[in-house]
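Q: My structure is below; once you've seen it, I'll send some questions.
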Amino acid sequence: MARPEKPNISVYELDASGKYVKSRESEPAIAVQDSAIVTSEMSEEKARILRGNPFMYNPETSAVSVYSLEDFLVTYKKKEYVLGDVIRNPAFPLRIRRKIFKKNFKAWHKDYVKNKRRVFRENYRTVEVVKSIGNVKFSIYVELAIWAMLVAMVFITGIDSPLWERIAQGRFGLFMKTTLTAMYASASWLRIVANISIYLLVALIFYSLFFRLIIRDYRKYYRAAHDYLDRSETKINRDYKKKRKKAYRYYLRYLKKNASMYYPPLDISEVQEGEVNIRVFDIVSKATVNKSYRIMKWEPFLKITKTALLFLSIAGLVIVYGYGIVYVIIAAL
């Protein structure tokens, strides 16, 4: 019976640049360095990154290149070690290697969950706060009232229009036209008030149309951003659980009795943040808040302007029609 072929096992070790490379099988042992030696060979930025959380590492935003999960620093008995140097070194009993790995994996998980919850909670809360802003437009009933007031003002001031020519063909219509003409002749300021009221009503109509479009676009953007955040949270949670479970099982498979120490380090791409991550979630949330802030900043001024225009328009309508009714009654007596 033929003897089984001996498996081809590749041995990896850290080179001087911090990258894992294949080592010589004749020298498989990995030298373990304590914190003073490890950190002295690194820049402050690199040490800071490697003391962080591999599940929150992003190569697009990090100034430090990381090649494997095992590049990250872990603490044991108040000393720092490169994770790969610990879990692959037979100088550490298997029980200690498993303990160090599990302890740091648990710490990474708690740190990730804490940061994720903080960002999700704060941003959802902020986005919900700005949801109610943008009430600078008129309701549909107020808009209809503005149009009605505009028609009424044009009607009472346009006594030289073809409409009044047709109305004046009757006895009562002729009386009304003659009386209004005399009224404007005796009180020239009344026509000025009427014209100003018309201009204000036209301005209100443009105001209403303009801000209806702005608020519609804002609310459309808000709904899209909120939907994106909902989808992102689901994807971030799902991707993280999948990556963490895979990495945890991968190393525990080898951190057991009679298992080979010579296995490929888990590439950082297997655990690092994806395209949709906590940072992107935070950016989208803040962009929504910033867009909302621009409207919120001008909202008090816009509301005051809206109220002032509406009040002056109503006041002009009341003055013109009130004066006209009184003048017609006196003329009829």
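Q: Taking only pairs six or more apart or across chains, which ones have beta-carbon atoms under 6 Å, a first residue in region 151-179 that is without any contact (Cβ under 8 Å) to a residue 60 or more places away in the chain, and a second residue that is in a loop (DSSP other than H, G, I, E, B) and buried (at least 16 other Cβ atoms within 10 Å of the Cβ)?
A: Leu174/Ala168; Lys177/Ile159; Lys177/Ala168
Q: Now a separate question. Give Ile198, Ile214 a once-over and let me know the one that is at pLDDT below 80, in a helix (DSSP H, G or I) and surrounded by 14 or more Cβ atoms within 10 Å (Cβ to Cβ).
A: Ile214
Q: Which of the residues belonging to region 245-271 are surrounded by 15 or more Cβ atoms within 10 Å (Cβ to Cβ), at pLDDT 85 or above and assigned to a loop (DSSP other than H, G, I, E, B)?
A: Within region 245-271, Leu255, Pro265, Leu266, Val271 meet the criteria.
Matching residues to (1) among the acidic types (Asp, Glu); (2) part of a strand (DSSP E or B):
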| site | (1), (2) |
| --- | --- |
| Thr75 | no, yes |
| Tyr81 | no, yes |
| Pro90 | no, no |
| Arg95 | no, no |
| Ile100 | no, no |
| Lys103 | no, no |
| Asp111 | yes, no |
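Q: Also: Being outside any helix (DSSP H, G or I) and surrounded by fewer than 16 Cβ atoms within 10 Å (Cβ to Cβ) is the filter here, so list the residues in region 272-283 that pass it.
A: Within region 272-283, Gly274, Glu275 qualify.
Q: Kindly indicate whether Tyr207 is assigned to a helix (DSSP H, G or I), in contact (Cβ under 8 Å) with a residue 24 or more places away in the chain, closer than 28 Å to Ala315 by Cα and not hydrophobic (A, V, I, L, M, F, W, C).
A: Yes: the conditions hold for Tyr207.
Q: Can you name the number of the only condition in (1) at pLDDT 80 or above; (2) surrounded by 14 or more Cβ atoms within 10 Å (Cβ to Cβ); (3) farther than 24 Å from Ile192 by Cα; (4) charged (D, E, K, R) that Lys306 fails?
A: Only one criterion in (1) at pLDDT 80 or above; (2) surrounded by 14 or more Cβ atoms within 10 Å (Cβ to Cβ); (3) farther than 24 Å from Ile192 by Cα; (4) charged (D, E, K, R) is unmet by Lys306, namely (3).
Q: Among the residues of region 152-170, count how many are assigned to a helix (DSSP H, G or I) and either within 12 Å of Ala194 (Cα to Cα) or among the polar types (S, T, N, Q) (or both).
A: Residues in region 152-170 being assigned to a helix (DSSP H, G or I) and either within 12 Å of Ala194 (Cα to Cα) or among the polar types (S, T, N, Q) (or both): 6 in total.
Q: Just wondering, is there one or more residues in region 161-172 that are at pLDDT below 85 and either at positive phi or acidic (Asp, Glu) (or both)?
A: yes
Q: Moving to a separate point now. Which of the residues belonging to region 162-188 are over 15 Å from Tyr323 (Cα atoms) and of a type in the set (Gly, Ala, Ser)?
A: Hits for region 162-188 are Ala168, Gly170, Gly173.
Q: For region 51-68, which residues satisfy the criterion of being in contact with a strand residue (DSSP E or B) (Cβ under 8 Å, 6 or more places away or on another chain) and either among the hydrophobic types (A, V, I, L, M, F, W, C) or under 9 Å from Ile268 (Cα atoms) (or both)?
A: Listed by number, the residues that qualify are Tyr67, Ser68.
The values are calculated or read from the model by the stated rules, or taken from the named source; none is laboratory data. Bear in mind that the values here come from a model prediction, so they are computed numbers and not experimental data. Positions of Cβ are generated from backbone atoms using ideal geometry, with glycine treated the same way; all protein chains shown enter the neighbour counts.
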